[in-house]
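**Q** Could you have a look at this structure, given as structure tokens, before my questions?
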Amino acid sequence: MRQKEITSLLNDMSLEEKIGQLVQLSGEFFSANDISLGPIQKLGISQQIVNLAGSALNVVGARVTREVQKKQMQMQPHHIPMLFMSDIIYGYKTILPIPLGLGATWDLDKVEKAFSNAAAEAAAAGNHVAFAPMVDVARDARWGRILESPGEDPFLNAKFAQFMVNGLQKNISNKCGQIACVKHFAAYGAVEGGKEYNSVDLSLSNLYQNYLPPYKAAVKAGCGMVMTSLTSLNGVPVTANKELLTDILRKKWGFTGIVISDYASIYELIKHGFVSDEVQAGKAALEAGVDIDMKSPCYANGLKDLVTDGRLDENKINQAVLRILNLKNKLGLFEDPFFGASEEKENECILTVEKRGLARQLSEEAIVLLKNKNNILPLKQDQNIALIGPYAKKGTLIGMWAIHGSTADTVTISEGLKKYIPNLKVCSGTDLQRDRKLLDNLGFLSKEDIAKNIASEDEELKNNQEALKVAASSDIVIMAMGEETYEDGEASSKTDLRLAQNQRNLIDQIAKLGKKIILVLINGRPLVLSDVADKVDAIVEAWFPGTEGGNAIANVIFGKYNPSGRLTVDFPYASGAEPLYYNHLATGRPENGSQHIGRFVSKYIDCPQGALYPFGFGLSYGKVKYNSMELSASRITVSDQLKVTVNLENQSDFTINETVQLYIHDEVASVVQPVKRLIDFKKVELKPRKLVKVIFKVTSNQLTFFDNHGNEKIEPGRFAIMAGPNSRDLISKEIDLIG
Ligand code: NOJ
């Protein structure tokens, strides 16, 4: 349609029709599948509004979306097609590693390609909008949604935001892409205490410097939609926060797309105590800048009276509807309401060998080798090996947010390893979780499921004994441990970040047999590994690795792939050390370098400082030495470029994929600065025994910071430039920025 036709369509629509466009409902309203995740409540909206609804949530599959589209268009006076939106966060059917794992790849190009694959699968199934990328900076491992984020670093999350948006949206014109909806704007990751849905309180400097950059990068990349956060920010719920949704997003950043609320978050303005009823909630959200109301009755039931009573300017509604019609038009839905979706296209496009291949590569790259004592890894096929643990045979390697993926399509760890050792000894040895209360609290499992998940005491004993017998007859035990699917993701904040007690017990018992242990971890957050790390010989952090997980893990363990993953989150020594992030602000009493000694420095008295495994950390087979770093100048002006040369040496016979990281510290500034922060990185292949130079170009726009009014500043003075393999082991030199 031409813009003129869109405008005349808008002018011809009744107020009810327009309001319908602003309402998003889930499957049960359209007699389709309801897989929406979130609190279910009766909405109490009229059938008329249901018939006029402009978009559907998590209704997927070519057959279903075509049917719903046809029915819905017939009911609408202007036959306006619906938008189908869904949580396709790290794959539709071909499931990638969880975003925390994708972050650990530091491989932006491959992630972009994989997101375009995900969008192609979803588009074939009739889906138009992916509720991704989720790029909330996540600094607290207690927060279960850390699983969905690339990690704790603003620079890296911004890069992933850009590449993920590009990947999702790049093939829209040939109906093989999706509109990206970046979320959760803004700063959901900073919930107090890491507790789900809690409030957020941030200084403006912190907000602008650390939390806003990833969303801004998504907007800059042309992201079509933005989802609000369920939380409040500095006392104002985000869903009614005009400063964020209009002043920053639209006016400062120039965003012209659609803003959607999160699930029921307009209604929740009442629960926040910000407004007193549904009508006020709708008014506050619309006026703040929210175009679509996801799964709440507020727009459906409140907007009409507000307009007819003159309490709301209809133009506000018109603007929102226009944005929605424009998006539908951009997707070509007025000409082809099915977006080319068909079951044939699904069959051709979903879970292809090529897509699985890329997913496997990313699962391999996501794996972070945390420990490898005496180079026990890679293993050899002729060694006497057993696979033990609750994840040995499980297909649940795809994680909580893979809501359209199937465990039946997933390669288990045992299947992957058996490609190397066909008669591998395998047993589970114990449950994933034996804590009934915790399983009950997950809210997804029925009493029957829980009963099925937990073996009786007798069975548990038998399982343990079988595991010990299998271990006793082996030299090396691969232990596949981790978290239950719903221990990570939305609504899964935890205060204890250790492996479940029963899993730790089994590790203890097998360690006592004197066996070599390779611990393979399937989980969605940084774990506390202090009490197991010394008992095992190697730790392979595999995250929820996705559809190809078992193959990727096996390829790493047997050395077909040399591990290259680097953490994008800190692994703490203790749960109580959270939030833990490498780029914390300098303190007046740092642990190292304070004039005080001993007690009166910033530290915990019962736990080592810093991280057990820090941001950026990860081992490979072989060894890289950082020989030196050269700077092209020791003084620069704001218009100069500094050349940083890092000299590396591969001291091994392995080819190594090294992620060379560049950090800075602004030594004196009018706002206290992080002790270090990442400003660039390069992933390079190092051939055996070779010397390699890696060159970075630094300009003054990488040296800026935000003050407490949200202004970006640069101040002359001394900066440390640091390079290394992770955020802890760095070579450092200083430069002066002169004014
Ligand atoms: C709530 C979650 O916060 C959000 O990430 C998701 O996209 C919506 N539900 C829709 O399922």
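**Q** Look through LYS4, LYS18, LYS93 and report the one residue that is farther than 21 Å from LYS355 by Cβ, charged (D, E, K, R) and crowded, with 19+ Cβ neighbours inside 10 Å.
**A** LYS18
**Q** Have a look at TYR215, TYR208 and point out the one that is within 29 Å of SER670 (Cα to Cα) and either open to solvent by 20 Å² or more (accessible area, probe 1.4 Å) or outside the structural domain of LYS159 (by TED's automatic domain parsing) (or both).
**A** Details: TYR215 fails: either open to solvent by 20 Å² or more (accessible area, probe 1.4 Å) or outside the structural domain of LYS159 (by TED's automatic domain parsing) (or both).
Just one listed residue meets the conditions, TYR208.
A quick yes/no check of all residues on (1) free of Cβ contacts under 8 Å to residues at least 60 places away in the same chain; (2) in a loop (DSSP other than H, G, I, E, B):
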site	(1), (2)
LYS113	no, no
ASN117	no, no
ALA138	no, yes
ARG142	no, yes
ILE146	no, no
GLY151	no, yes
PHE163	yes, no
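**Q** While we're on this one: Would you check which residues across segment 169-190 are within 16 Å of the ligand (Cβ to nearest atom), touching a Phe, Trp or Tyr at 6+ places or on another chain (Cβ under 7 Å) and assigned to a loop (DSSP other than H, G, I, E, B) and list them?
**A** Selection gives ALA186, ALA187.
**Q** Restricting attention to segment 134-158, and to residues there that are of a type in the set (Val, Ile, Thr) and more than 13 Å from SER493 (Cβ to Cβ), which single residue is nearest to the ligand (Cβ to nearest atom)?
**A** Result: VAL135.
**Q** Here's another thing I want to ask about it. Taking the criterion of being assigned to a helix (DSSP H, G or I), away from the ligand (no atom under 16 Å from the Cβ) and open to solvent by 70 Å² or more (accessible area, probe 1.4 Å), would at least one residue in segment 483-490 satisfy it?
**A** No.
**Q** Please specify each residue of segment 69-87 satisfying the condition of being under 15 Å from GLN47 (Cα atoms), in contact (Cβ under 8 Å) with a residue 24 or more places away in the chain and assigned to a helix (DSSP H, G or I).
**A** Across segment 69-87, the qualifying residues are LYS71, GLN72, MET73, MET75.
**Q** What's the number of the condition CYS223 fails, among (1) hydrophobic (A, V, I, L, M, F, W, C); (2) within 16 Å of the ligand (Cβ to nearest atom); (3) outside any loop (DSSP other than H, G, I, E, B); (4) out of contact with any Asp or Glu (no Cβ under 8 Å at 6 or more places or on another chain)?
**A** With (1) hydrophobic (A, V, I, L, M, F, W, C); (2) within 16 Å of the ligand (Cβ to nearest atom); (3) outside any loop (DSSP other than H, G, I, E, B); (4) out of contact with any Asp or Glu (no Cβ under 8 Å at 6 or more places or on another chain) applied to CYS223, the lone miss is (3).
**Q** Any idea how many residues of segment 516-555 are part of a strand (DSSP E or B) and open to solvent by 10 Å² or more (accessible area, probe 1.4 Å)?
**A** Initially, segment 516-555 is screened for residues part of a strand (DSSP E or B), giving 516-522, 538-541.
Pick out the ones that are also open to solvent by 10 Å² or more (accessible area, probe 1.4 Å) and you get 516.
Selection size over segment 516-555: 1.
**Q** Can I ask one more? Just for segment 159-188: of the residues that are within 19 Å of LEU207 (Cβ to Cβ) and aliphatic (A, V, I, L, M), which one is surrounded by the fewest Cβ atoms within 10 Å (Cβ to Cβ)?
**A** Only one residue fits best here, namely ALA187.
**Q** Further question: All but one of (1) of a type outside the set (S, T, N, Q); (2) farther than 21 Å from MET400 by Cα; (3) within 15 Å of the ligand (Cβ to nearest atom) hold for MET85; which doesn't?
**A** (2)
**Q** Take segment 681-709 and flag every residue that is in contact (Cβ under 8 Å) with a residue 40 or more places away in the chain, open to solvent by less than 80 Å² (accessible area, probe 1.4 Å) and under 23 Å from SER639 (Cα atoms).
**A** Those that are in contact (Cβ under 8 Å) with a residue 40 or more places away in the chain, open to solvent by less than 80 Å² (accessible area, probe 1.4 Å) and under 23 Å from SER639 (Cα atoms): PHE681, VAL694, ILE695, PHE696, VAL698, THR699, SER700, PHE705, PHE706, ASP707.
**Q** Of the residues LYS251, LYS283, which is open to solvent by less than 50 Å² (accessible area, probe 1.4 Å) and in the same structural domain as LEU168 (by TED's automatic domain parsing)? Talk me through it step by step, then tell me what you get.
**A** Values: LYS251 fails: open to solvent by less than 50 Å² (accessible area, probe 1.4 Å).
Criteria check complete, one pass: LYS283.
**Q** Would you check which residues across segment 265-288 are within 16 Å of the ligand (Cβ to nearest atom), under 20 Å from LEU306 (Cα atoms) and of a type outside the set (D, E, K, R) and list them?
**A** We begin by selecting, within segment 265-288, every residue within 16 Å of the ligand (Cβ to nearest atom); these are 265-269, 271-272, 285.
Then keep just the ones that are under 20 Å from LEU306 (Cα atoms); that gives 265-269, 285.
Across segment 265-288, the qualifying residues are SER265, ILE266, TYR267, LEU269, ALA285.
**Q** List the strands (runs of 3 or more DSSP E) that sit entirely inside segment 603-672 and contain at least 3 residues that are open to solvent by less than 70 Å² (accessible area, probe 1.4 Å).
**A** 611-613, 624-631, 641-650, 656-666
**Q** Is there any pair with a first residue in segment 582-600 that is exposed (fewer than 11 other Cβ atoms within 10 Å of the Cβ) and a second that is assigned to a loop (DSSP other than H, G, I, E, B) whose Cβ atoms are under 7 Å apart and which are 6 or more apart or on different chains, and what are they?
**A** PHE600/ARG589
**Q** One residue is enough: does segment 192-204 have a residue meeting the conditions open to solvent by less than 10 Å² (accessible area, probe 1.4 Å), assigned to a loop (DSSP other than H, G, I, E, B) and of a type in the set (Val, Ile, Thr)? If you could, list the steps in order and put the result at the bottom.
**A** Let us first name the residues in segment 192-204 that are open to solvent by less than 10 Å² (accessible area, probe 1.4 Å), namely 194, 200.
Among the residues that remain, those that are also assigned to a loop (DSSP other than H, G, I, E, B) are: none.
Looking for residues that are open to solvent by less than 10 Å² (accessible area, probe 1.4 Å), assigned to a loop (DSSP other than H, G, I, E, B) and of a type in the set (Val, Ile, Thr), one finds none in segment 192-204, hence no.
**Q** Moving on to the next point. Being under 29 Å from ILE735 (Cα atoms), more than 33 Å from the chain's Cα centre (by Cα) and of a type in the set (Ser, Thr, Tyr) is the filter here; which residues of segment 638-657 pass it?
**A** SER639
**Q** For ARG689, work out the one condition from (1) on the phi < 0 side of the Ramachandran plot; (2) charged (D, E, K, R); (3) not in a strand (DSSP E or B) it doesn't fulfil.
**A** Answer for ARG689: the failing condition is (1).
**Q** Looking at segment 88-104, is at least one residue in a helix (DSSP H, G or I) and touching a strand residue (DSSP E or B) at 6+ places or on another chain (Cβ under 7 Å)?
**A** Yes, segment 88-104 contains at least one residue that is in a helix (DSSP H, G or I) and touching a strand residue (DSSP E or B) at 6+ places or on another chain (Cβ under 7 Å).
The values are calculated or read from the model by the stated rules, or taken from the named source; none is laboratory data. Keep in mind it's a predicted model, so treat the numbers as computed, not measured. As a convention, Cβ positions derive from the backbone with ideal geometry for all residues, glycine included, and neighbour counts pool all protein chains shown. SASA here: full protein model, heavy atoms, side chains in, ligands and nucleic acids out. Shrake-Rupley method; radii C 1.70, N 1.55, O 1.52, S 1.80 Å.
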